[in-house]
1. From the backbone phi of the stretch 199-211, what are the Karplus-calculated ³J(HN,Hα) couplings (6.51 cos²θ - 1.76 cosθ + 1.60, θ = phi - 60°) in whole Hz, Gly and Pro given as x?
2. Please enumerate, by chain and number, the lysines with C-alpha under 21 Å from the C-alpha of residue 160, excluding those fewer than 8 residues away in the same chain.
3. According to a simple spin-label model (label point 7 Å from Cα along Cα-to-Cβ), what is the distance in nm between residue 130 and residue 51?
4. Can you list the residues, at least 5 places off or on another chain, whose amide H is less than 5 Å from the amide H of residue 250, using H built in the peptide plane?
5. Sorted from largest down, what three extents in whole angstroms do the Cα atoms of the chain have along their principal axes?
6. Report the convex hull volume per residue for the stretch 218-461, counting only C-alpha atoms, in Å³.
7. Shape call for the stretch 252-302 from the C-alpha gyration tensor, a ≥ b ≥ c root eigenvalues: rounded (a/c under 1.5), prolate (a/b greater than b/c) or oblate?
8. How do 305-315, 226-236, 242-252, 98-108 rank on mean C-beta neighbours within 10 Å, highest first?
Amino acid sequence: MFAMKKFSYTLLALLLLAGALCPFTSSAAPWDYYDEPGVRLLNQPVAEYRARRQRLLGEIKDGVVVILGNVEEDMGVEMRYRQNNWFAYLTGVRTPDAALLLVPQGLASAGGAREMIFIPERNLQMERWTGVQLGPGPETAKVFGAERVLPNEELWAKLKEAAALPAFKGAMKLYTIAPRAVSNGRVREYQFAERARRELPGVQISSAADIVGDMRRIKSASEVALLQKAIDITGEAHRDIALNLRPGMYEYEIQALLEAAFTRNGSERPGFPSIVGSGIYSTILHYSENRKRIDDGDLVVCDIGAEYSLYTADITRTYPASGKFTPRQLAVYQLVLDTQSAVAAHFKPGMTNGDLHVFAAQYLRKSPLRAKDTDGREYTMDHFFIHGLGHALGMDVHDVADDLHQLQPGEVFTIEPGVYIQAEKLGVRIEDDYLVMPDGTLSKLSGKIPSDPKEVERVMSSKRQ
Ligand SMILES: [Mn+2]
């Protein structure tokens with residue numbers, strides 16, 4: 001990190017002049033907030049974000065919605081800033097320290113506006129370090145496609161005005177969303193809720209996660225396009241793995257080359273820690289240490305996903321380190337692949353991930369293959385399938401849906417059967433990403449990435465001597 005230097009007044013004067021003359025011309029346009037001002041944000045149409053807010057406004061009449069964006073300080077100096085998914089889904093706004101307020105009745109002090117985005121005022125001195133930032137005001141409102149963009153100091157005044165609206169009869173509901181699986185009092189969303197209880201008498205804190213979660217489950221065409229891009233980048237990474245994997249390499253070398261392929265192809269970051277598990281570690285589900293030397297004869301499970309414009313892929317392939325499966329490895333691999341195909345063919349809208357899991361386990365059980373656990377007891381193959389079959393996929397790698405949710409057209413989810421035989425140091429997982437089509441069939445978005453064992457061996461041999 002750079003230390004803040006003493007600021008030059010000449011520079012300030014020049015910046016102020018430049019800002020006054022041309023705040024929104026191309027000479028001051030290193031903003032990465034949008035592709036075309038007022039048309040697209042974070043690679044999705046501004047109109048689509050607007051429609052999401054309108055829909056949420058339509059569903060909430062008994063209160064207001066506040067969604068907080070991420071702040072840069074939250075991530076520490078070594079982490080790159082990333083907007084939080086709920087806020088990004090509803091606004092497409094990347095600016096740190098922003099907030100969204102939705103008031104169905106509108107606020108008089110904001111000219112009757114129902115949707116307000118709060119962002120920090122511009123700080124010309126800081127912009128020497130951060131580059132030009134968007135500040136509150138009507139020009140930014142046009143860029144964001146929102147009714148009002150206000151300074152974030154005004155959030156609480158606007159909330160108090162809303163709480164006093166006659167429609168709420170002194171008992172306004174405040175819908176907000178805290179990060180999942182966090183009940184830590186230091187989290188900003190909890191501090192926000194506490195302050196709301198103190199400063200807004202009669203307010204009831206509610207969660208908007210179910211309502212927005214229902215919206216996030218169904219992917220629009222532009223969301224599917226972003227997922228497809230993330231998936232295609234992940235395909236490039238899998239191709240690089242297949243072409244370069246050799247016995248004697250370390251797992252982290254594979255991690256380095258696959259993550260290089262992510263970055264080289266425009267991915268901002270991995271959507272989750274890359275798993276490269278060889279030999280015994282092919283049987284460890286969330287192994288992401290990636291420190292072992294890969295031995296001849298190992299299977300290597302590579303469970304990886306590039307993130308693109310906040311959407312992540314999640315695709316697993318299992319490679320033979322030597323470039324050729326042994327007969328035993330091939331038998332288990334083919335069974336896992338057949339299980340995945342059978343699940344995809346069996347799928348009908350209305351089924352849950354839980355239903356599909358039961359089907360997959362039954363399929364594995366019917367196989368004549370057997371294996372022993374570490375105590376020497378023999379089992380059918382379903383015994384070695386020890387995790388859930390799949391999950392929803394989107395901005396979160398484990399997106400907003402649980403095992404009881406009935407899958408519908410427009411949803412994207414993974415099918416990832418696996419068999420893990422520790423006694424044989426033999427683990428196989430194959431994972432692909434599927435979109436439920438309007439006619440109820442599945443489209444395999446990752447279908448171009450080879451999983452047929454002969455095809456995997458063919459790609460692996462194509463750069464070998
Ligand atoms: Mn997965």
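1. Karplus-based 3J(HN,Hα) across the stretch 199-211 equals 9, 10, x, x, 5, 10, 7, 10, 9, 8, 4, 5, 5 Hz.
2. Hits, sequence-local ones excluded: 61, 169, 173.
3. 3.2 nm
4. Residues meeting the amide H criterion: 294.
5. Here the Cα extents, ordered largest to smallest, are 73, 54, 40 Å.
6. In the stretch 218-461, the Cα convex hull volume per residue is 109 Å³.
7. prolate
8. On the way: 305-315: 27.0, 226-236: 22.7, 242-252: 17.1, 98-108: 20.0.
In decreasing order of mean packing, 305-315, 226-236, 242-252, 98-108 become 305-315, 226-236, 98-108, 242-252.
Each reported figure results from applying straightforward, stated rules to the coordinates on display, with no laboratory input. Everything quoted here is computed from the prediction, not taken from an experiment. Please note: Cβ atoms are built from the backbone with ideal geometry, for glycine as well, and neighbour counts cover all protein chains shown.
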